[in-house]
Amino acid sequence: MAKSFKLQIYEILETTNAEDKTAEAVNLFMLMLVVLNVFAVVLETVEGIYSAYQVLFQYFADISVVIFTIEYLLRIWSCDVDPKYIRPILGRIRFALTPLALIDLLVILPTYVVLAFPTDHRLLRSLRVLWTFRLLKASRYSESLQTIMDVIRAQKRELAMSFSAIIFFMVLSSAVIYFLEHDAQPERFPDIPATMWWAVLTMTTVGDNFYPITPLGKLVGGLIIILGVATFALPTSILTSGFVEVLEKRRAEEAGLEEGEEGGP
């Protein structure tokens, strides 16, 4: 039975079949377009280059947004062939709220907001930061970036626990240092929220040009540095072990597929 047009669109956009040459070509084209868009955003910050080729940059951005919009609409339209999003309205809403779909929306949204409010230059400047989401869009087409996203999803509970520990330790250390150093350095440690920035810099061993001067403050500051290194190393070790697990799993799957092909008729 021939595939429906909607199913073909979905399989091409989502690359459900790794051997589909059309899907491979479409995804390669979209990846190159994303990379060129990121490159263009970087060059637009160079005043000399942007002023000389402003019209070219604008044409390229407009064409890219049209392509990204068509892609986004096709994904929303065809997503209901997936059993997870089979309900016509609620299914599409669920799909639109997935992380990658939200990134797709944020890529095209600034352009349409600017078109709706063309005279608000302050809004235009604030929305320029959303153009960096074009770089995140590359994760949809890059296998290596997809692997990183898979690792984060697989280790989300462990990462949440480690970040909770980091936040708890940061708040605790900031409060302690504030009460120990506020009287001695009121301009450096004026309140606990301001002290949190010092705690982040100290825990990450980046450091700053001021530090505790009281004996107890120095003692606690030294402990914060030592414990901070260990605490911030937790997410790194979790991601490393998760990355190894995902790679081993994929290698095992590929080996199983190769054995199945060799044992076939």
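The values are calculated or read from the model by the stated rules, or taken from the named source; none is laboratory data. All of these numbers come straight from a predicted model, not from anything done at the bench. Note that each Cβ is placed from the backbone with ideal geometry, even for glycine, and that neighbours are counted across all protein chains shown.
A few notes on this one:
- Some residue of the range 232-240 being more than 24 Å from ILE148 (Cβ to Cβ) and surrounded by 12 or more Cβ atoms within 10 Å (Cβ to Cβ): no
- Helices (runs of 4 or more DSSP H) lying entirely in the range 11-108 (those with 2 or more residues that are modelled with pLDDT under 85 and crowded, with 16+ Cβ neighbours inside 10 Å): 21-44
- Residues (of a type in the set (Asp, Glu), exposed (fewer than 12 other Cβ atoms within 10 Å of the Cβ) and in contact with a helix residue (DSSP H, G or I) (Cβ under 9 Å, 6 or more places away or on another chain)) located in the range 166-208: ASP191, ASP208
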